[in-house]
1. Return the average number of partner chain Cβ atoms within 10 angstrom of each residue Cβ along peptide B:844-853.
2. Compute the helix-to-body angle for B:132-143: its Cα long axis versus the longest principal axis of chain B, expressed 0 to 90° and rounded to tens.
3. For chain B, report the accessible area per residue in Å² (1.4 Å probe, heavy atoms, rounded to an integer).
4. With each pseudo-label sitting 7 Å past Cα toward Cβ, what's the B:Val866-B:Arg555 distance in nm, one decimal?
5. Efficiency by 1/(1 + (r/R0)^6): what FRET value for B:Glu595 and B:Glu785, r their Cβ-Cβ distance, R0 = 25 Å, to the nearest 0.05?
6. Beta carbons within 10 angstrom, averaged per residue: use that to sort the peptides B:722-728, B:226-232, highest first.
7. Work out Dmax and Rg for the protein assembly as shown from the C-alpha atoms and quote the Rg first, both in angstrom.
8. Suppose R0 equals 51 Å. What FRET efficiency, 1/(1 + (r/R0)^6) with r the Cβ-Cβ distance, do B:Glu183 and A:His72 give to the nearest 0.05?
Amino acid sequence: MLLIACPWCGERDETEYHYGGQAHVAHPADPHALSDAEWGAYLFVRDNPKGEFAERWMHAAGCRRWFNVVRHTVTHDISAVYPAGQPRPVPPSDEHSEVTA
Amino acid sequence: MSNRPGNRLAAGGRVDRSAPLRFTFDGVEYTGLRGDTLASALLANGVLAVGPSLYRERPRGIVTAGVDDPHALVQLERPCSDPMQLATTVELSDGLAATGLQGRGRLDDAPDETRYDKTYLHTDVLVVGAGPAGLAAALAAGRSGARVVLVDDQPEPGGALLSGRERIDGRPALAWVAEARAELEAQPETRLLTRATAIGHHDQNYVLVAERRPDRPGGGGRLWHFRARQVVLATGAHERPLVFAGNDRPGVMSAAAVRSYLNRYAVLTGRRAVVFTTGDSAYATALELAAAGAEVPALVDTRPEPPAALVKAARAAGIEVLAGAAVVGTEGGARLTGVRISALTAEEQLTGPVREVACDLLAVSGGWSPAVHLWSMARGTVRYDATLAAFVPDRAAQEVRACGSGRGRHDLAGCLTEGFTAGAEAATAAGFPFAAPIAPPCEGDTPPAPPRPVWLVPGEEGDPSTWRDHFVDAQRDATVADVHRAVRAGMRSVEHIKRYTTIGTAHDQGKSCGVAAIGVIARLLGARSPGEVGTTTFRGPYVPVSFALLAGRERGPLFDPVRTTAVHPWHVRRGAVFENVGQWHRPRYYPRPGEDMDAAVLRECRAAREAVAVMDASTLGKIDVIGPDAAVFLDRLYTNGFAKLPVGSARYGVMCRADGMVFDDGVTVRLAPDHYYLTTTTGNAAAVLDWMEEWLQTEWPELRVRCTSVTEQWSTAAVVGPRSREVVAALAPGLDVSNDAFPFMTVRDAVLANGVPARICRISFSGELAYEINVSSWYGLAVWEAVLAYGAHAGITPYGTETMHVLRAEKGYPIVGQDTDGTVTPQDLGMTWVVARHKDFVGKRSFARADTSRADRRHLVGLLPVDGGELLPEGAQLVAPGADLTAVPVDSLGHVTSSYRSAALDRTFALALVRGGRDRIGETVLAPLPDGRTVAATVTEPVLFDPKGGRRDG
């Protein structure tokens, strides 16, 4: 159960949100100018990184706003939350430090 | 006490001798005490065996005093039926009844009336485990002012101190525990939960805790959902078994459990006990057994040179210490009568003569495994510590700290120090800076000397391939021979061997046997240590929990919200048969006395086609789309155009996903230049609103449009049939209902005869003259009753969803989600006319893809069974005549999507998706049915009734 900070409502449980897949995949301005392969890539092909991934969430049981989250797909650490339409923030340079038992 | 059971001591323990409790096990009545577990009460009564083993039916007895018992499975019958509980964790209550189980339980047929609840709580620091380390952590964190929750699975805090005789600060340790508890309970922000087991530790410190509440009416439990800034895991350690021949015989017990039964429950589990250990901790068991009056003829220590002080203390108590030795076999039937002991070489081979020692108890300590389950579930890593001979927490993946024996620290002073430190650090990290207190001095539990783990005690005969009584996982009857076979078969990964042998997959999920099994695997693989083999994955829940607890109150009517319309009470009074459509309860049909569904639906259909009928259409999704750019917005989402729709008119529209597949359809009315009123499929209303909001927010934020769900604000009565006009004329006397003044696909505002304002649309989902009367839901029931009253002279007939389906199917109108499945384009449905050529819309590009242009796509067609009395089942597969039905897979042409009996056609008919269906009109297809028959049907156009549409204007 992730804890996600909605940019408008604050920290809420994952169950309040809908997942929206990879962020920054814009609908092509002129789909008819694309080849079948390019259109097919827009429709069906998404990244699946092991690591940080910019993805879309929507606060379905709250403000109903779409926004973007940068989540690490292994650790589930959320390093950035930002409104839809904004560019992905540049990650800070310092490495995430680990706690040792 | 005169009726004291044979093995109960006269004094001591955490049991209340003034509160005898009667209970029944396997049909025999016994007496126990408040404070007992079922296991301790049985042991007090001399009952050791529970149920036979799962596969080999070997006698099995109680081994431990906690959640890690491999054998003590019982079926609870009273106070409530509960399968597969552990006798070692069931608290004794008066009147309790249970029976022993052979590996698996049985669910009671009767519904579980117990009430379970859920609670959600945020906390700064969550401490799991109220042993010495956990208490110390909670004390330190609580003193900082942070909000602290301390959870422990026992009825009272204390952990291992409840089972020992240690001293803290010069007093019995339990005095310190009582003081700590009092201090915690006095802290305003601290909460102590007993009988509460942390079962899962998930992302961002989401911790699930199952709390038992036997004292509450109904006896139900509570599932806590904690979100903690910081977690301290003081989960303790499990004592490991040892793997030797006959190690499953009743009477072979955990040395720590023997000590726990003695000190906590005042139960002597044996009269003549041998102790077999790889380390220091079992010496306390041996000494305390002797002090309690048991004979302890031998203490077998695998170490050639045990600590001198321990050896001296044992000898002083009359216990012979056999160093550098191991128990290599057990004697007896259903109860241990003796053990066989041999010396061990440095290479762990047997040497010298075997000595037999008579005993009725063998207390075994194979070392200690920190309970790293929660740590690992929280994605923390573990490492093998060769000195401790244990897997211990290594790197945390979250804001989690481990302390005490859960992290491999086994002396009391060390546990207290680590607890104070972890609690203070956690509070500080949570924003409540605090310095760790100094731990008080402790007696009776000093840092242990290194153990000598012996992962596999050789048998006296044979080799690992024949050691079938060396049990590795007794719950699964899995032995060294089974592990040997897995290794011989080429398996190297512990995960593979686990699955092949089923080791660690029974009710305790490897709590008792897991690390011991890894040790055996390491030996048979020739690995240097268990660390090279590694652990299997730890998964929640930590202990078995019932589905009823997870469900809480979300059962029966509360499982999912039920939505009903304003007219619902009328439907109930009228005797409607309901069906679920999404969360909606909708009338399916209204049977008259003696009618079945077929008869009722045929009658309702006839009324709609021949006179007038009415349906409650309030469940249709309704969305107000308002704003200067509403027309542009709808033009981009619908395949057809809405910008040029005149105010006061309505239009049917289809929405596709970007892949070109039909997503929803419905009629949209333009109420004003900047106001559209859009309807959706009943089950799709929320998804359509989501879809519209997604495009507005993420792709077209510049569009000035707002979408609002108004489904529940409007109540809709669909008045259908050739006589509907006269009913509406009477109902809305001020409205000109002539076809010229109020043509098809237009909307009019009117005031009804009863004074209610209404929005009336001429929309038809049946092909008949029809009106949809929309009123505020507050008036829904009154207006429905008015429609019935004004239509009474025309014999107006209420109809349900089944008749609605038949009427629309006769007209070939598809239902999205029934006649489509997410792989169907508008063209597949024969709706090329709804796809605009001169504008772009979501999904249009996909219609130019090779796949959507294929001639052999599945098309929506009609089907007329050759036998007009034969009703094809919906979902029936279709094949070409002569198709090979033995081929795998059978070459399917498609399937039946809708199938009904038609009053208007006086026969059955169906809609189907058929490969290249529009090119097969007039051909025959076959439906091979599950009952073995093959039904022939003719492919037709989808519109079977009134294809010219002559009826819609009345």
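1. Neighbouring Cβ atoms belonging to other protein chains average 3 per residue here.
2. It works out to around 60 degrees.
3. Per residue, chain B has 39 Å² of solvent-accessible surface.
4. Label-label distance for B:Val866 and B:Arg555, simple model: 5.3 nm.
5. The formula returns an efficiency of 0.65 here.
6. Going by the mean number of other Cβ atoms within 10 Å, highest first, we get B:226-232, B:722-728.
7. When restricted to Cα atoms, the protein assembly as shown yields Rg and Dmax of 37.0, 115 Å.
8. Result of the calculation: an efficiency of 0.80.
The values are calculated or read from the model by the stated rules, or taken from the named source; none is laboratory data. None of the values given here were measured: they were computed from a predicted structure. With ideal geometry, Cβ positions are generated from the backbone for all residues, glycine too; neighbour counts draw on all protein chains shown. With ligands, DNA and RNA removed, areas are computed over all heavy atoms of the protein, side chains included. Shrake-Rupley method; radii C 1.70, N 1.55, O 1.52, S 1.80 Å.
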